Amino acid sequence: LDAPPAAVVMRAIDVPEHGGDTGFLSMYTAWETLSPTMQATIEGLDVVHSATRVFGSLYQAQNRRFSNTSVKVMDVDAGDRETVHPLVVTHPGSGRKGLYVNQVYCQRIEGMTDAESKPLLQFLYEHATRFDFTCRVRWKKDQVL
């Protein structure tokens, strides 16, 4: 995506009897609980994002294929396209800062080598996924979030 979405709405149409829960992370809490030194270190950095691991050439290089009931990939080149986003984003309404990183789409920190950015990103992934930053939703039919 060229720009992160302002909001996401999800609706449960078909809900399985067991499983199917969705977990959410508070990236605001993740940011707010970093030390002031870490906040100063990462604020202003940009992250290169790409879907190559999910439906681009890296995914296909592992001989993985989507099933007919899964996402239909029309353009592998689109999956390999890279975009750059700030590592720390500010909510336009509240002014609250949050991390904008995830293990699926983040490739590296812009201006750093993979070897340099990997440990920092790994720390942020582990920090952001702490259990106390999570919320789990057990869906009901037609529930909207």
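Just so you know, in region 71-93 the residues that are closer than 22 Å to E32 by Cα, touching a Phe, Trp or Tyr at 6+ places or on another chain (Cβ under 9 Å) and surrounded by fewer than 18 Cβ atoms within 10 Å (Cβ to Cβ) include one that is modelled with the lowest pLDDT, and it is H91. On inspection, V101 does not qualify as hydrophobic (A, V, I, L, M, F, W, C), in contact with a strand residue (DSSP E or B) (Cβ under 7 Å, 6 or more places away or on another chain), surrounded by 14 or more Cβ atoms within 10 Å (Cβ to Cβ) and in a strand (DSSP E or B).
For region 116-139, indicate whether the set of residues that are part of a loop (DSSP other than H, G, I, E, B) and of a type in the set (D, E) is non-empty. The answer is no; no qualifying residue exists.
Of all residues in region 112-131, exactly one satisfies the criterion of being exposed (fewer than 14 other Cβ atoms within 10 Å of the Cβ) and touching a residue at least 60 places away in the same chain (Cβ under 8 Å), namely R130. Within region 1-36, being in contact with a helix residue (DSSP H, G or I) (Cβ under 8 Å, 6 or more places away or on another chain) and either among the β-branched types (V, I, T) or over 24 Å from K97 (Cβ atoms) (or both) holds for T29, T33. All of (1) on the phi < 0 side of the Ramachandran plot; (2) at pLDDT 90 or above hold for F66 with one exception: (2).
The values are calculated or read from the model by the stated rules, or taken from the named source; none is laboratory data. Given the structure is predicted, the values throughout are model-derived calculations rather than measurements. Neighbour counts run over all protein chains shown; Cβ positions are idealised from the backbone, glycine included.
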